[in-house]
Protein chains: 6
Amino acid sequence: MTKILAEFQAERLAANERILSGDNRAIKRFFRLDGEAYEDGALSAKTKELLGLVASIVLRCDDCITYHIIQCARQGVTVAEFEEAFAVALVVGGSIVIPHLRRAYDRMDEVLNANEE
Amino acid sequence: MTKILAEFQAERLAANERILSGDNRAIKRFFRLDGEAYEDGALSAKTKELLGLVASIVLRCDDCITYHIIQCARQGVTVAEFEEAFAVALVVGGSIVIPHLRRAYDRMDEVLNANEE
Amino acid sequence: MTKILAEFQAERLAANERILSGDNRAIKRFFRLDGEAYEDGALSAKTKELLGLVASIVLRCDDCITYHIIQCARQGVTVAEFEEAFAVALVVGGSIVIPHLRRAYDRMDEVLNANEE
Amino acid sequence: MTKILAEFQAERLAANERILSGDNRAIKRFFRLDGEAYEDGALSAKTKELLGLVASIVLRCDDCITYHIIQCARQGVTVAEFEEAFAVALVVGGSIVIPHLRRAYDRMDEVLNANEE
Amino acid sequence: MTKILAEFQAERLAANERILSGDNRAIKRFFRLDGEAYEDGALSAKTKELLGLVASIVLRCDDCITYHIIQCARQGVTVAEFEEAFAVALVVGGSIVIPHLRRAYDRMDEVLNANEE
Amino acid sequence: MTKILAEFQAERLAANERILSGDNRAIKRFFRLDGEAYEDGALSAKTKELLGLVASIVLRCDDCITYHIIQCARQGVTVAEFEEAFAVALVVGGSIVIPHLRRAYDRMDEVLNANEE
C-alpha cells in the first residue's frame, strides 16, 4: 500500500477506535452492522464492495470512496471493472461527481500499482 | 408483469418519447449514454443493474428504483440477492431510505410473483 | 388520530412486517437499532424525536416527517415548538424544503386537532 | 392555465397562507426573502427563474420545478430555452433527475399550450 | 478554545465579513435570519443547537458541524448528549456520515477538553 | 489568473487527461456531452455558466463552484451578477451552503481581481 493509503487507513482506524471507546450502544451496533453488510452471501463480497463504491460516488463522499476502492482491490476488482462501475456512478450522479471521480482514479491507480509491486 | 408495472413502463416510455421528440442534442445523447452504461462488459449487466438499483435507493428516487428492480429481475436477480443489495443501500443511506425500501419490496414482490406465474 | 394518519400508520406497519418477514439479518438489525436511537437517555425522547423531525425535513422525506410529527405529538410537542423546529429546518435546508413544510403543517394540524378531540 | 396547474397554484397559496398564519417570525421572514431573491436586478427576473428552475431540478423537487416552470413561462422562456436549461440540469444532476424531467416536460407543455390558447 | 478551533472561528468571521461587505440585500437578510433561528424561544437555544448539529451531520457539512459543536458546548451539551445526537444522525443518515462523525468526535473532544482546562 | 486558480486548472486538466486515457467509452462520451451543454444556443453561454454555478452551489461541490466561477468571469459576469446568483443559491439551498459561499467569494475575488490587473 502507498504512503497516502497507509496514512488514510491508520487515521481511519484510530478515529473508529475513538468512536467505539464511547458508551453509546446504538453507535457501536451500527458499526458492527456496517461490517456485516459487505460479507459474502447470496451476493459476493466483491459485488457488495462495488455496490458500496457506487453508492459512495453518487453520494459524493471521498473517504468512503477511498475505503471501498481499497476493499474492491482486495476482492480482485480490475481496472476495466472499476471504470465500468465509475461509468454507472457518473451517468446516475451526473457531472457533479466528476471531482470525486478524479480523486477516485488517483486512489485506484495507487492501490492497483501498489498491488503489482 | 402486473398492471401497476405495465402502467409504469407505458408511462415511462411515452414520457421518454416526448423528451426525445424535442430538438435538444445534449438530452438525446444523454439518453443514449444512459442505456450503454448498463450493457454487458467487464462487469455483467446483472451486476450493473444492481449498481443502478443501490445508487437509486441511496439517492431515494422511487421511479428509478422501480425501473432497476424490473431490469434486475430480467437479469435473474433472486429475492436473497435483492435483499442483500437493499441491506447495503440501507446501511449506507440510513433510515431515511426506509420509506423507499417499503415500496421497493412491493415492486420486487410484484415483479418476482409475475415471473413465477 | 385522523383517517389519513391511521391509514399511514397501518400501511407503514404492514410494509415493515413484510420487510421483517424476510431472512436478511442486517436489515432486521437496522430496524431494531432505528427504534433504540429514539429512546429516553441523556437526551429525552422528546428532544430525539425533534432531532429526527428536523433531519427528515432537511433530507426532504415526507413519510419520515409524518412519522416524526406523530411521535413528537405523543411526546407533547406544542405548536410553537413544532414551528421553531420547522424554522431551524427551513433556514438550514432552504426554500427547497418548503413543499415538505406545507405538508408538515397539514400533518401537524391533523395530529394536534385529533389529540384535542 | 390548465386545471392541473390551477389546482397546483390554489393548493400552494392555501398552504402558504396556513404557514404564514402562524406566529413564527423566522418563517415569515424566510418567505419574504424567498420572493425578493427572484426580482429584477443585475440579473433579469427571467434569468433568476431559470436559476431557480435548474436548482430545483438538480435537487429533485417536483413542486419547486412546477412553480419555476410557471414563473419562467411568465417571463417569456421559450421551449428551446427550457430544453437547454433542462440539459444543463440533466448533465449536472445525472440520470437520477430523469423522472423529474419527464414531469417537467408535461408541466412545460401544459403551461406553454395554455399560453397559446 | 484550541488553536484549530480559534483559527476556524477567525476564518469564519473574516469570510462572513467579506460576504456582508457586499451590496446584496437578500444575502444580508439571510444571515440575520440564520442567527435568529437559534435564539431561545418555545424551544431552548440548547435544543435548537442540537437540531442544527444533527441537520448538519445528515447533510454532511464539516464546517457546519464544527460550528454547531462549538455552540452546543456553549449551551452546556455533555459528552453523553453529544453521542446520543450523533447516534440519531448516524441512524437517519447512514454510514455515509461516518467520515464526518470521525471529525465531529475530534472537534467535540477539543471543545470539551478546552472548556475543562 | 492567480497562482491558486492556475494550480486548480492544471490539476483539473491533468486529472481529466488521466480519466480520458482509459478505455471506457461511456465516460469519454459523458465528458464530451458535459462540454456541449454550456455552449451558446437559445440561452447564452453566460446564462448557462450561471446555471452551472447555482447548481454547483446548491449541490455543494467546491471544485465545481470554482470551475464555474472561472467560466462565468470569462463570460463577463460582474460582481453584482455573481452576488445575485449566490443569493438565489443561498435561498434555495439554505444555510448549509454558506461554507461553500465563503469559499466562492474568495474565488470570485481572485478571478475578478486577476482580470483587472
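The values are calculated or read from the model by the stated rules, or taken from the named source; none is laboratory data. Computed from a predicted structure; not experimentally measured. Counting neighbours? That spans all protein chains shown, and the Cβs are built from the backbone with ideal geometry, glycine included. In case anyone asks, the SASA skips ligands and DNA or RNA and just uses the protein heavy atoms, side chains included. Shrake-Rupley method; radii C 1.70, N 1.55, O 1.52, S 1.80 Å.
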query: Distance from the Cα centre of the stretch A:1-63 to that of the stretch B:1-40, in angstrom?
result: 35
- prompt: At a Förster radius of 45 Å, what calculated FRET efficiency corresponds to the Cβ-Cβ distance of B:Leu112 and A:Arg18, to the nearest 0.05?
  reply: 0.55
C:Asp62 versus A:Arg103: modelled label distance in nm, points set 7 Å from Cα along the beta carbon direction: 3.5
- prompt: Averaged across the residues of C:64-71, what count of C-beta atoms belonging to other chains lies within 10 Å of each residue's C-beta?
  reply: 1
- prompt: In chain A, which cysteines lack any other cysteine Cβ under 4.7 Å from their own?
  reply: A:Cys72
message: Using the basic label-point model (7 angstrom from Cα toward the beta carbon), what is the B:Ala45 to C:Phe31 distance in nanometres?
response: 3.4
- prompt: By a straight-distance test (C-alpha under 17 Å), which aspartates and glutamates pair with F:Lys28 as possible cross-link partners, with residues fewer than eight away in the same chain excluded?
  reply: A:Glu81, A:Glu83, A:Glu84, B:Asp34, B:Glu36, B:Glu39, F:Glu17, F:Glu36
- prompt: At a probe size of 1.4 Å, how large is the accessible area of D:Cys64, to the nearest 10 Å²?
  reply: 20
- line: Per the rotation taking chain A to chain D, min distance Cβ-to-axis on chain A (residue, whole Å) equals A:Gly94, 1
Computed [θ] at 222 nm, deg cm²/dmol, chain A (DSSP H ≥ 4; -39,500 (n - 2.57); rounded to nearest 500): -25500 deg cm²/dmol
statement: Accessible-area order for D:Thr2, D:Thr66, B:Thr78, largest to smallest, probe 1.4 angstrom, reads B:Thr78, D:Thr2, D:Thr66
- prompt: Direction-averaged shadow area of the convex hull around the Cα atoms of the protein assembly as shown, nm²?
  reply: 29.8
- line: So the pair-distance distribution of chain E, from every Cα-Cα distance in 5 Å bins, comes to percents of 2, 11, 20, 21, 20, 15, 8, 3, 0
message: Need one number: nm distance between label points at D:Ala6 and F:Ile4, each 7 Å from Cα along Cα→Cβ, rounded to one decimal.
response: 5.4
- request: Quick one: angle between helix F:62-74 and the longest Cα principal axis of chain F, in degrees between 0 and 90, rounded to 10, please.
  value: 80
query: Measuring from a point 7 Å out along Cα→Cβ, what nm distances, shortest first, does C:Leu20 have to its partners in the other copies?
result: 2.8, 4.5, 4.5, 5.0, 5.5
query: Hey, any idea what % of the protein assembly as shown's accessible area is carbon plus sulfur with a 1.4 Å probe?
result: 46
message: I need the shape label for the stretch E:20-60. Rule: rounded when a/c is under 1.5, else prolate if a/b > b/c, else oblate, with a, b, c from the alpha carbon gyration tensor.
response: oblate
query: Along Cα→Cβ at 7 Å, what distances in nm separate the D:Arg74 label point from those on the other copies, shortest first?
result: 3.6, 4.0, 4.3, 4.3, 5.7
message: So the label point sits 7 Å from Cα along the Cα-to-Cβ vector; using that for E:Ile4, what distances do you get to the other copies, in nanometres, sorted shortest first?
response: 2.2, 2.2, 4.7, 4.8, 5.2
statement: To the nearest 10 degrees, the tilt of helix D:25-36 (Cα long axis) against the first principal axis of the alpha carbons of chain D is 40
Buried area at the A-D interface (accessible, heavy atoms, 1.4 Å probe, summed, Å²): 400
message: Taking the full set of protein chains and a 1.4 angstrom probe, give the accessible area of E:Arg74 in square angstrom, rounded to the nearest 10.
response: 150
